[in-house]
Every structure is written in structure tokens, then in C-alpha cells.
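Comments concern the structure below.
No lab work stands behind these numbers, since they all come straight from the coordinates. What you see is a predicted model, and the numbers here were worked out from it, not measured in a lab. For neighbour counting, all protein chains shown are included, and Cβ atoms are generated from backbone atoms with ideal geometry for every residue, glycine included.
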Amino acid sequence: MPRFFSFVQVAVAGAAALMVMGCSHAPKADAQAQAKLEARSGSTVGGVVMLKAMGDRLLVEARVSGLTPGEHGFHVHESGDCSAPDAASAKGHFNPDGKGHGHHHGSERHAGDLPNLVADASGNASYKAEVPQLKLGHGTHNIVGRSLVVHADPDDYKSQPAGNSGKRVACGTIVAM
């Protein structure tokens, strides 16, 4: 006797298949990405940024050289296009939640607002920060394919729309590893 499946049985089986297929695209808990920073706006700034998923946070580690001593704004920008000589092609700060610019520890902030880089007297910065709201490879907070931008001046964490951090002195596209 032939067996017939009910609509509900077929729908449940289809949903289960889609879930399994969707899982194959889910990011690994140890997902990683990097961005090679290249000089912009006539600077000599360069470096590399490594990003690693750590649960609900993202570990951001950077080594940057060619900076003026002191603090520099550091942000994830909307576009991964760093081709413009002044990095304007990277567009504005990554802001999927439509919030105002703010301090990286505050709730009213762009997802791409990061702590400032601090360069030593030789113009070198070693940076390590764990940040919330950013993801690698999935969802609205995915930053793979976007860019990291270093600015000439410190981010004041309050001026709108971008913290008054000056020209863009380095830019790098975030790529998955």
C-alpha cells in the first residue's frame, strides 16, 4: 500500500533540510579575518589587523607604523573599497543599527566605533581590543568585505557624525582567512 505524507510532514522535512543547509554556511566559532592597512592621504602609515571571533565579541589586534605619536581614530567603515587616495571610497562608519557616533563602551554608538590607536614616540602602535557587536561572516553585523580605517587625529567619541578624527591616513579591506 503506498504511503502518503501529510502537508505538515513535508513542511517539517523541508524546514529541517533548510536548517542543515543553512548550518553549512554558519561561521565557525574561531572564524578569522585580516586587513592589510595601506597609506592614504599622502601618509606613510601601514600595518596589519587580525580579527578573531570569540563568542559574542571580536578580538581585534593590530600593528601599525608610520603614525604621528599619540592617539588616532580607528573605525570599521561601511565599504571595503579603499581605492580613493583619501579613502573616501570606504564611506562612513559601519552603522547597521542607525545610531549616533559615540564611545566604544557606550550603547549609543556605531557598531564600527573602536577604541583609538595609540602610537609611541616612534610612530608605532600595538593594539588589542575585544569589541562587541561585530561579527565575521554572518548577519547584519558582519564586517567581512568592509574596511578598517586609521585617522590622523584622535576620535573624541562625541562629535557627529564621526568623532572629529580627521583625514583618513590608512585603509584596509577586511578579508576572511
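Values as computed for the structure displayed
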item	result
Rg/Rh ratio calculated on Cα atoms of region 32-176 (Kirkwood radius)	0.92
Which of A39, H105, P161, positive extreme of dipole for region 32-176 (C-beta unit charges)	A39
Above-threshold pairs, the threshold being 23 Å between Cα atoms, out of K36/K128; K91/K167; K135/K167; K99/K135; K52/K99	K135/K167; K52/K99
Debye, to nearest 20: dipole size of region 33-147, +1 on Lys, Arg Cβ, -1 on Asp, Glu Cβ	220
